[in-house]
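Asks: Submitted below is the structure of interest, expressed as structure tokens.
The values are calculated or read from the model by the stated rules, or taken from the named source; none is laboratory data. Everything numeric here is computed off the predicted structure, so don't read it as measured data. Virtual Cβ from ideal backbone geometry, glycine too; neighbours counted across all protein chains shown. Note: areas computed on protein heavy atoms with side chains; ligands, DNA, RNA excluded. Shrake-Rupley method; radii C 1.70, N 1.55, O 1.52, S 1.80 Å.
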Amino acid sequence: MAVERIIIVALIASSLISMATATAGSATFYTEYVPSACYEYNDQGTMIAAANPSLFNNKAACGKSYKVKCTGAINQGPNPCRGGTITVKIVDLCPGCGKNQLDLSQPAFSMIANPDAGRIRIHYTKV
């Protein structure tokens, strides 16, 4: 019984720690995936993203994976979030992206939010 309580407390603590280390930011989406700054003409699928210049860090982010969760609307209107999280691989640079912004592939964006929103609030964590 005591061991079960310790395990439950440990799981709750690790969940809180991972939520605390998530980066708050925003996301948009794009539709042309090849060529990319990291992989040129090698197709990397559609669960991908382009990183803002700071995160991209001269290709240091290439191939890194991030768990992304929609947290709300940026613009007025209904909440675009669909719930759940996705994992995307950084394959490109988004030179026009602001600090803490990711540019998700349209299929990845569509899994967590209504694309009609155009831009959403997110939390993301390196996997």
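Asks: Scanning region 17-62 for residues that are of a type in the set (Asp, Glu) and not in a strand (DSSP E or B), which turns out nearest to the chain's Cα centre (by Cα)?
Replies: Residues of region 17-62 of a type in the set (Asp, Glu): 32, 40, 43.
Now narrow it down to the ones that are not in a strand (DSSP E or B): 32, 43.
Working: Glu32: 18, Asp43: 19 Å.
So, considering only residues that are of a type in the set (Asp, Glu) and not in a strand (DSSP E or B), the one nearest to the chain's Cα centre (by Cα) is Glu32.
Asks: Given the residues Pro53, Pro80, which is the only one that is modelled with pLDDT of 95 or more and touching a helix residue (DSSP H, G or I) at 6+ places or on another chain (Cβ under 6 Å)? Write out each step before concluding.
Replies: On the way: Pro53 fails: touching a helix residue (DSSP H, G or I) at 6+ places or on another chain (Cβ under 6 Å).
Answer to the selection: Pro80.
Asks: To continue, here is another question. Given the structure, is Ile90 in contact with a Ser or Thr (Cβ under 6 Å, 6 or more places away or on another chain), at pLDDT 95 or above and open to solvent by less than 60 Å² (accessible area, probe 1.4 Å)?
Replies: Here the answer is no, as Ile90 does not meet what is asked.
Asks: Looking only at region 65-87, which residues are under 16 Å from Ala22 (Cα atoms) and open to solvent by 60 Å² or more (accessible area, probe 1.4 Å)? Please lay out each step first, then the result.
Replies: In the first step, residues of region 65-87 are kept if they are under 16 Å from Ala22 (Cα atoms); the result is 65-72, 84-87.
Lys67, Lys69, Thr71, Thr85, Thr87 - these are the residues of region 65-87 that are under 16 Å from Ala22 (Cα atoms) and open to solvent by 60 Å² or more (accessible area, probe 1.4 Å).
Asks: Applying the selection to region 37-64, what residues are open to solvent by 40 Å² or more (accessible area, probe 1.4 Å), within 18 Å of Gln106 (Cα to Cα) and touching a residue at least 40 places away in the same chain (Cβ under 8 Å)?
Replies: Within region 37-64, Gln44, Thr46, Met47 meet the criteria.
Asks: Enumerate the strands (runs of 3 or more DSSP E) found wholly within region 84-127, keeping only those where 1 or more residues are over 11 Å from Ala27 (Cβ atoms).
Replies: Numbers: elements: 85-93, 101-105, 120-126.
Per the criteria, 85-93, 120-126.
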